[in-house]
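Take a look at the structure set out below.
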Amino acid sequence: MNGRTKRLGDRILGGAMVAMLALMLAFLVTPLLVTCLLAFDSRSFLGPLPPPALSLRWFERLASLDYVATGLATSLKIALLATVIDVLVGTAAAVALDRGGFRGRGLLMAAFLSPLIVPAVVIGLALLLFLSRIGVIDGFTRLLCGHVVITLPYVVRTVLASLAGRDRRLTEAALVLGATERQAFWSVTLPLIRSGMVTGAVFAFAVSLDDVAVSMFLTDPSTYTLPVALVSSMRASFDLSIAAAAVLLMAVTAVLIIVLERFVGFDRLLGQGLFRS
Amino acid sequence: MSAVTIARPQELAIPAPARMSLLLLAPGLLILLSIFALPLLGLVLESLKQYVPGRVGSAVDASLTLENYRELATPSFAGVLYETFKLSAAASLAGLMAAFPLAYCIVRRFSPRQRAACIGLLVMLVLLSMLVRTYALELAFGSVGIARPLLLALGISPTSRGYIEVLVEAGLLHAVMPICTLTLLGTIQNIDPRLCDAAQSLGAPAWKAHLGITVPLALPGLVSAFLIAMTFAISAFVIPMVLGKGRVLFLSNTIYTRFSDVANYPSGAAVSIAMLVISLLVLSLASLAHRGKGARS
């Protein structure tokens, strides 16, 4: 094989690779674009693209559905409450795990991350059986319990990663300069791990807002989350108001992305340990 | 006076007692124990209880039995298990094959701006509701979706079982690919690009250099990315439920059906325990692969 055919082969293969990547990106993005477009469709049925005219009729219909308003309110309440609990409890736990000074640290760390390993459906069924046996039948409490369990590991993980990545000498410098340990924590360590806390909070919020597998077990007839309501109506009928709801949820994600980019930055996000084995 | 001010901070620099750490850990441990560990133990117990048809769940004083696990050996359960594994493995493999070149391009080929845009898109996809993505796929490629005329023109029936399997796999791929790519970014960053350059300047064509150098060096990362994708896929719930329309069932869907349709909690618990064991097996493979990586580097 001479040099020219080799380079030609490289170029052809390189071109094929680029084409494949473009195809994969198209596969990832196209369905979302189609959904956005159809959510603004003015037709009352599912017709071929592009829609002849745009309208907000599906959003109006969405707003008129009772279960959407109820579900959305419950979802937001639970996601916010769970995130606040996660950040408080998870940060405290991560700080303690990072300080060490006691036995079984590795085991405890694994324990805090273990809800990520257990399939969500298993957590849902286990919690349902347990909570009904001890007499907790209120849907809101049950949902909150489930959501805290599945989202807590995200905060623990990201805060642990940012604690491990911080410059410990800064805290030592503060101590040497006369700060008490408490002052050093609040004014040096905490600001340093803020990006981990924000990342953890954003992921916890997103996971909570999206969960179906755990929530399906824990709802009661009057308390359900938006995804659970949407899944049920998805199975009942094929209605484009769900596309409108999808656009709404995409907007929430966009807000979360902006928060992440402003407070953390995507390049630093990769150092937060969420995408590491 | 000055001796005092120097001595004070030194005293405080000594790590606080373990009591403080335990105090910080207490709320988290309480949560883990009370609404995670205990319920899982309860699930194990429930899976051993005798189920009387017609009841909701088991009786409190039901006798203990292994009956519920016997069902796990039936062909219908094996079918669900096979389906779960087949589709999960195929989607994870496809996700990996797509993610590897993408991650490589992001790290080595793209300009900083393209890199930021690409990573931003992937993070957005990860954060975006799984339900939204599944619904979007259904809307685009589903049986009543906008691709229907195209499918019919190609002679593919959108309601055939084969096509529904493809659809579920597309859903899993859509979920797994961004995760795989983001996981592999770190792996590829750690590979010295000069090795590949050296091979090429010594006359190797690019594909041979990558196959001989980049891929073997990234192998531990590839293995753990595959297993991460696998654990995600085998516990997927919404994707097979929405895209599979009851024709493609995953283990997780079986568990839910035991709960919602027949209220046979003991059997649902037994399937759950089986699923948990399977997930743990896949994950211990992942940690083995990780340990291998640690030993090598």
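Of note:
- Mean per-residue shielding of peptide B:38-45 is 6, counting Cβ atoms of other chains within 10 Å of each Cβ.
- Two tests apply to each whole DSSP H helix in chain A, Cα reach of 30 Å or more along its axis and mean Kyte-Doolittle hydropathy of at least 1.0, and the ones passing both are A:3-39, A:66-99, A:139-165, A:241-263.
- Working ranking of peptides B:204-213, B:258-267 by packing, defined as the average number of other Cβ atoms within 10 Å per residue, highest first, is B:258-267, B:204-213.
- Other residues lying with their Cβ under 13 Å from the Cβ of B:Val123 contribute a combined charge of 0, Lys and Arg counting +1, Asp and Glu -1.
- Within 10 Å of the Cβ of each residue in A:11-20, the mean number of Cβ atoms contributed by other protein chains is 2.
- Lysines whose Cα lies under 21 Å from that of A:Lys77, excluding same-chain neighbours fewer than 8 positions away: none
- Residue-averaged 222 nm ellipticity for chain A, from DSSP H runs of 4+ at -39500 (n - 2.57), nearest 500: -24000 deg cm²/dmol
- Kirkwood radius, the protein assembly as shown, all distinct C-alpha pairs, inverse of mean reciprocal distance: 25.7 Å.
- Filtered trypsin sites (Lys or Arg not before Pro), the range A:1-100: DSSP coil and at most 15 other beta carbons within 10 Å: A:Arg43
- Shielding by partners - mean other protein chain Cβ count within 10 Å, residues of B:115-126: 5
Throughout, read-outs are computed from the coordinates displayed, never taken from laboratory work. Small disclaimer: the values here were computed from a predicted structure and weren't measured. Backbone-built Cβ (ideal geometry, glycine too); neighbour counts: all protein chains shown.
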